[in-house]
Each structure stands twice: as C-alpha cells, then as structure tokens.
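Let me begin by presenting the structure, written as structure tokens, before commenting on it.
The values are calculated or read from the model by the stated rules, or taken from the named source; none is laboratory data. Computed from a predicted structure; not experimentally measured. Note that each Cβ is placed from the backbone with ideal geometry, even for glycine, and that neighbours are counted across all protein chains shown. Keep in mind that these areas ignore ligands, DNA and RNA; they rest on the heavy atoms of the full protein, side chains included. Shrake-Rupley method; radii C 1.70, N 1.55, O 1.52, S 1.80 Å.
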Amino acid sequence: MLSARRRWTVLAVCCLSMFLVGLDTTIVNVGLPAIGRGLGVETGGLEWTVDAYTIVLAGLLISSGALADRFGRRRVFQSGLMVFGAASLVCAMAPSVGALVAARAVQGIGASMLSPVALAIVVNAMPDPRERAQAIGVWASVFGLSMAVGPVTGGALVAGFGWRSLFWINAPVIVTALVLSAVFVPESRGPRARRLDVAGQTLLTVVIGVWVGVLIEGPRIGWTSPVALAGYGVASTATVGFVWVEARRHEPLMDLRLFRSPLFSSAVLGAVAVFVALNVTLLLNTLYLQHTRGFTPLAAGVATLPMALGATVCAPWSGRLVGRIGPRLPLTLAGGFIMAGGLCLVGLDRHTSVPLLLLAYLFIGIGFGFANAPITNTAVNGLPPARAGVAGAITSTARQVGSALGIALAGGLVANTGPAGLAHASRPGWILVAICGLLLFPLAHASRTKK
C-alpha cells in the first residue's frame with residue numbers, strides 16, 4: 001500500500017494531466033477569431049477546429065480505459081502524454097486549417113489515453129472509500145477548473161504571443177507530467193483484461209462523428225439537402241447498430257445494462273447537459289464579445305474570470321458536500337445556477353450591460369463548479385473499482401459528447417450571421433443553457449439515495 005504522501009502525489013500528477021486535457025477543450029475558443037484571421041477560415045471551419053478534438057476524444061475514451069486495464073495504466077497514460085505533446089507541436093506549426101484540424105484530431109487520441117486512465121490510477125491508489133471520494137472530488141474539481149480558466153488563459157496567450165502559443169504552452173506541461181509519472185505513479189492493471197470491442201468502437205465513433213458533423217455542416221449544406229439526409233440515415237443506422245451489437249456482446253465496449261440504474265444514468269445525462277451548457281456559453285461569448293462588442297481576445301478572456309472564479313470556489317466545496325451528504329444538493333445548486341445564468345442572457349442585444357454579462361458568467365461558473373464532483377462520484381461508484389477505467393471513460397465520453405454538441409449547436413445558431421445580428425441569433429442558445437440547468441433537477445432527485 002502506498003504512503004499517504006505518495007497517494008496524494010499520484011493524485012497531483014494525474015490532476016496535472018487532466019488540467020491539460022480540460023484546458024485544451026476550451027482554451028482554443030477565445031482564440032478562434034485570431035485563428036480564423038490567420039488561416040482564412042469561416043465559422044464552420046472554426047467549429048471543426050474545436051470539435052475535431054472533442055469528437056475523437058469522445059469516441060476513443062472507453063477503449064483507452066479498457067486498454068489501460070489490459071496493458072498497464074501508467075504505460076497507456078505516458079503514451080497518451082507523448083501523443084498529445086507531439087500533436088500539440090504540429091498544431092502550433094500548422095500551415096493550414098486542414099493541418100490544424102487533423103492535428104487536433106490526433107490531440108484527441110492522446111487525450112483519450114489520459115482522461116479515464118488518470119481517474120483509474122487515482123481510484124487504484126486510494127483503497128479507502130472515504131479518501132477515494134475526496135480524491136475523486138479533487139480530480140473532478142481540477143478538470144472543471146481547467147475548462148473554466150481556458151478562455152482566460154487563451155486570451156492572455158493570444159494577446160501576448162499569438163494564437164500558435166495556445167499549443168506551444170502544452171510542451172513544458174507534458175515534459176513535467178512525463179517525468180513525475182515515471183517517478184511517482186505505480187503501474188497497475190485491471191484484475192481481468194477485457195477483449196477489445198472493435199465493432200462497438202467503430203460504430204460509436206461513427207455515431208458521434210456523423211451526428212455532430214451534420215449539426216456543424218447543416219446550416220451550410222441545408223438541413224433537408226441530400227447530403228444532410230444521407231447523414232441522418234448513416235447516423236441513425238449506426239446508432240441502432242451500436243445498441244444491437246452492444247446488447248449481444250459478452251464484454252461490450254459500453255455495458256448498456258448500466259443505464260438501467262437511475263443513478264448511473266443521471267450521472268451520464270448530467271455530464272452531457274452540463275457540458276452542452278458550458279460550451280454553448282464559451283462559443284457564444286467569444287463570438288459576441290469579439291465580433292459584436294469589439295473586445296480584444298484578452299478582454300474577452302478576462303470577461304470570463306467570474307466563471308473561472310465560480311468554478312474555482314465551488315468545485316472543491318462540491319467535492320466536500322458529496323463526501324458528506326451525497327450528490328443531491330450539489331446537483332440541485334448546479335442546476336439552479338446554470339439555469340439562472342442562461343435566463344440572464346435570453347434577451348441579449350448589442351448593448352447588454354457588462355455587469356449583467358459578468359453576473360451570468362458567474363452563475364454559470366458556480367453551477368459548473370458544483371456539477372462535476374457529484375457526476376463523477378456517482379459514475380465511478382456505479383461500477384466495481386476494478387472497472388474504474390470504464391466508469392471514468394463513460395463519464396468522460398458523456399462530457400466530450402456534450403462539448404461537441406454544445407459547439408455544434410452554438411455554431412449552427414450564429415452561422416452566416418454578421419456582427420449586428422449575432423446577439424439576437426444567439427438568444428436560443430441562452431434558452432438552451434437554461435434548459436440544461438433545468439434538466440439537472442430531476443437528475444438530482446434521481447440521485448437522492450446516493451450517500
């Protein structure tokens with residue numbers, strides 16, 4: 001058994017990697033206008049710059065968790081760091097949008113080897129249930145914080161060093177994480193290796209990629225065009241095929257029986273809703289502040305400081321609440337604050353007061369901070385500790401699906417809209433944010449028995 005200091009050092013190393021994964025999910029948002037100017041990209045191309053990362057990440061997370069249980073969690077974790085770091089360097093030097101999108105997709109491959117594996121390493125290192133719950137709360141808090149501070153960090157980097165610095169910044173973090181993981185993180189595996197589900201993995205990737213792709217390209221190609229209709233057909237067939245294949249496999253990629261549990265289902269659905277709300281907020285905020293209000297990237301990033309502050313203060317508080325009384329209260333608070341933040345901006349126009357904008361961002365940040373710990377804790381405790389990699393992967397997949405959907409939906413609302421009409425066009429997005437918050441109330445009720 002590891003000493004207490006060693007256990008919490010392992011947690012710190014894993015949190016460092018997760019901070020990087022979460023940061024790269026949102027740090028690019030505030031730099032999108034600068035990337036667009038630098039590479040001559042329209043809004044649709046900018047969406048792919050973000051979603052190429054999240055789609056690949058979402059599609060491969062579960063398989064990466066299973067691979068780690070089979071071949072060694074530290075080994076897969078370190079491999080993910082190296083892939084992520086190499087792809088980051090290619091992103092920083094990308095000569096065209098095509099190269100950038102491709103490199104972002106490879107970044108997603110590396111990130112998929114970090115997220116569930118880091119959580120499995122933490123769970124394996126913390127045998128005491130109470131200590132494990134605290135560690136999961138810290139882990140979820142760090143991941144949530146990284147998502148919230150991404151825009152602030154991105155704005156500062158773009159202002160000081162240009163948009164390519166958004167990717168150069170990953171290099172020193174990767175090197176540090178590699179060294180620390182080699183020194184402090186012990187190797188571990190699942191007690192029984194599961195077979196890889198190639199058919200399920202392929203179908204899941206098609207389901208996520210095609211559905212999100214249709215949402216992104218729909219405004220450009222037309223929602224009833226032959227290409228769009230073909231996309232609906234492919235995505236629907238792949239969805240049905242995925243359910244059919246997984247229901248019949250002895251060791252499926254995603255055990256659909258887990259979703260019979262209201263607790264586990266609430267965690268997964270809650271993760272999707274929260275991350276849809278966050279990413280709708282981040283993209284609409286970036287475009288509105290920079291295109292409509294004329295803010296610089298740094299000013300747009302600074303405007304999200306209340307969001308980062310809310311997440312920073314409330315995420316660890318939420319983790320402590322989950323450990324003491326369960327997830328119901330934190331989820332209720334999360335839903336209330338996210339809904340309030342969305343409702344603040346349903347009447348957004350070109351002259352909406354800055355204090356109201358900051359208040360809305362604060363509310364959403366508070367809600368986001370309260371949401372992550374109960375969602376992660378519920379999901380992990382829905383499976384035996386030996387399946388921790390799979391539990392973390394399913395929850396992380398839900399988060400990234402929510403991120404991809406949020407970007408696609410927000411981008412679709414404002415596609416082909418000029419600066420003058422962007423505020424009005426984005427109003428349905430703020431209604432969607434409020435609805436996402438509202439969805440957390442029944443999910444909190446479903447989790448009322450979790451202690």
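Give me the number: length gained by fully extending A102 to T202, i.e. 0.36 nm times residue separation minus the C-alpha to C-alpha distance, one decimal in nm.
34.1 nm is the gain from fully extending A102 to T202.
Could you do me a favour and compute the accessible area per residue for the range 50-90, 1.4 Å probe, result in Å²? Please report the intermediate quantities before stating the final value.
On the way: 1090 Å² over 41 residues.
The answer is 27 Å² per residue.
Can you compute 3J(HN,Hα) from phi for each residue in the range 293-299, using the Karplus curve 6.51 cos²θ - 1.76 cosθ + 1.60 with θ = phi - 60°, rounded to whole Hz and x for Gly and Pro?
9, x, 5, 6, x, 5, 5
Over all distinct alpha-carbon pairs, what is the Kirkwood Rh of the range 196-353 in angstrom?
Value: 19.3 Å, from the Cα pair sum.
Grab the DSSP H runs of the chain that are 4 residues or longer, score each as -39,500 (n - 2.57), total them, divide by all residues and round the 222 nm result to the nearest 500 deg cm²/dmol.
So the calculated ellipticity at 222 nm is -27000 deg cm²/dmol.
Let me check against my output: what whole-number percent is the relative contact order of the range 160-239, with C-alpha pairs under 8 Å and at least 6 apart? Display every interim value, and only then the final one.
On the way: 24 pairs, mean separation 22.5, N = 80.
The normalised contact order for the range 160-239 reaches 28 percent.
Compute the acute angle (0 to 90°) between the alpha-carbon long axis of helix 328-344 and the principal axis of greatest extent of the alpha-carbon atoms of the chain; round to the nearest 10°.
10 degrees
Using a 1.4 Å probe, what is the accessible area per residue for the range 203-306, in Å²?
With the other protein chains kept in place, the range 203-306 gives 42 Å² per residue.
Could you compute how fast the range 57-147 diffuses translationally, taking Rh as the Kirkwood radius over C-alpha pairs and applying Stokes-Einstein at 37 °C with viscosity 0.692 mPa s? Give it in µm² per second.
Working: Rh = 14.1 Å.
Estimated via Stokes-Einstein, D reaches 233 µm²/s.
Using a 7 Å offset from the Cα along the Cα-to-Cβ direction at both W168 and I431, what is the distance between the two label points in nm, to one decimal?
4.5 nm
Tell me the angle of helix 43-71 to the major Cα principal axis of the chain, expressed in degrees between 0 and 90 and rounded to the nearest ten.
Between the helix axis and the principal axis of the chain, the angle is about 0 degrees.
Can you tell me the FRET efficiency between H351 and M93 if r is taken as the Cβ-Cβ distance and R0 is 56 Å, rounded to the nearest 0.05?
0.85
Which whole-number percent is the relative contact order of the chain (Cα, under 8 Å, 6+ apart)?
Across the chain, relative contact order equals 25 percent.
Quick check: residue separation of A420 and R220 times 0.36 nm, minus the Cα distance between them. What number comes out in nm?
70.0 nm
With all protein chains present, how much of the accessible area of the range 256-328 (probe radius 1.4 Å) comes from carbon and sulfur, to the nearest whole percent?
With neighbouring chains kept in place, the figure for the range 256-328 is 68 percent.
Give the residue from M113, I136, S88 lying farthest towards the positive end of the charge dipole for the range 2-152; charges sit on Cβ (+1 for Lys and Arg, -1 for Asp and Glu) and the dipole is referred to the Cα centre.
So the residue we want is I136.
Which Rg and Dmax, in Å, describe the Cα atoms of the range 1-123?
Final numbers for Rg and Dmax: 15.8, 55 Å.
Could you tell me the calculated FRET efficiency between R5 and R320, based on Cβ-Cβ distance and R0 = 22 angstrom, to the nearest 0.05?
0.55
Could you tell me the distance between the Cα centroids of the range 13-38 and the range 395-451, to the nearest Å?
Their Cα centres are 19 Å away from one another.
Extending each Cα 7 Å along its Cβ direction at A156 and E131, get the distance between those two points in nm, one decimal.
Result: 3.4 nm between the two label points.
Report the dimensions of the range 226-304 along its three principal axes from the alpha-carbon atoms, largest first, rounded to Å.
55, 40, 18
So what is the relative contact order for the range 24-181, in percent, with contacts set as C-alpha pairs under 8 Å and at least six apart? Don't skip to the end; give the middle numbers.
Details: 193 pairs, mean separation 55.1, N = 158.
Contact order relative to length: 35 percent.
Across 20 Å bins from 0, what is the distribution of all Cα-Cα pair distances for the chain, in whole percents?
Over the chain, the share of Cα pairs per 20 Å bin runs 28, 61, 11, 0 percent.
Pop a pseudo-label 7 angstrom from the Cα along the beta-carbon direction at both V243 and V179 and give the gap in nm to one decimal.
A separation of 5.1 nm, rounded to one decimal place.
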